[in-house]
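The values are calculated or read from the model by the stated rules, or taken from the named source; none is laboratory data. Since the model is a prediction, treat every value here as computed from it, not as a measurement. Glycine also receives a Cβ, built like all others from the backbone with ideal geometry; neighbour counts cover every protein chain displayed.
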């Protein structure tokens, strides 16, 4: 039983990927911890926002208009506010008002280091803010930020619930993530070599991949796709070319399917290569290892199971936030 203090939290965020969006996962995990969470879905209410620089995707600042939300927010009486990704923040004036009313603001960034230069503009508006990237954390410190904390991605409880395989999605290998130039060469090799399915945008724009492209999957379809394959391949490189742990690693590992990703140091803070996940150094190396584990399915299942168990024990969002709240003194 969790005997930690329970908070009233005002949570601002949007769910670009639907019910399986990481922002939704965080919201649900905070509720699962027993906190009283007031949900502010800014995706459904753009009138609550001001976007002076016409920022897109995870970039900011995207200003929450305090004048539009103040009454309901203050009537709720939050212990603190969470601005969850999407460049969300309050203006300096609004942040000062909230501070005078003893309402701290916790910002969460989920797209570092790609958005580092944008967060520099508004990171000091938060009482505290987290980054998902060790590299970005070190760089924020170099720029004089004293309110930044490192919090890697987590996973929510829904991903551990096993689903029956769906005939539509059956495959030996699957990639769940959008198509990009740096991903196409490996995807082509996988499609040439195995029964491979590709989920996400843009895979179908490449002629050789069209017969394998399944389009985007969200909500229950995401789970069906993940639970209907034997193995999952993850690409850790970001849009801007950085390599770091992304949420897809946790989502894949939580299903218990054998997970392949590139070798890089930061990953070793979460999983052990060869014991819980499988690393690869090239497309040839990846194909050879997939062939091996297709012939040794019991070994593959045991490795996938160990990754899932480690997720449950160490990498849930509940664990992440209990550690974070303790670190910033909320449980004292």
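Observations on the structure shown:
- Segment 98-128, residues that are part of a loop (DSSP other than H, G, I, E, B) and under 16 Å from residue 246 (Cβ atoms): 109, 110, 111, 112, 113, 114, 115
- Extreme residue, nearest to residue 310 (Cα to Cα), among residues of segment 156-191 that are loosely packed, with under 15 Cβ neighbours inside 10 Å and in contact with a strand residue (DSSP E or B) (Cβ under 8 Å, 6 or more places away or on another chain): 170
- Matching residues, segment 1-54, being at pLDDT below 95 and touching a strand residue (DSSP E or B) at 6+ places or on another chain (Cβ under 6 Å): none
- Boolean, residue 139 is part of a loop (DSSP other than H, G, I, E, B) and either in contact with a strand residue (DSSP E or B) (Cβ under 8 Å, 6 or more places away or on another chain) or within 26 Å of residue 327 (Cα to Cα) (or both): no
- Taking the numbered list (1) under 19 Å from residue 248 (Cβ atoms); (2) more than 21 Å from the chain's Cα centre (by Cα); (3) in contact (Cβ under 8 Å) with a residue 24 or more places away in the chain in turn, residue 182 passes all entries but (2).
- Which listed residue, of 77, 86, 107, 60, is surrounded by fewer than 19 Cβ atoms within 10 Å (Cβ to Cβ) and either touching a residue at least 40 places away in the same chain (Cβ under 8 Å) or under 14 Å from residue 130 (Cβ atoms) (or both): 77
- The lone exception for residue 149 - which of (1) in contact with a helix residue (DSSP H, G or I) (Cβ under 9 Å, 6 or more places away or on another chain); (2) in the same structural domain as residue 246 (by TED's automatic domain parsing); (3) surrounded by fewer than 22 Cβ atoms within 10 Å (Cβ to Cβ) it fails: (2)
- Filter result for residue 266 (within 16 Å of the chain's Cα centre (by Cα) and either crowded, with 21+ Cβ neighbours inside 10 Å or part of a helix (DSSP H, G or I) (or both)): yes
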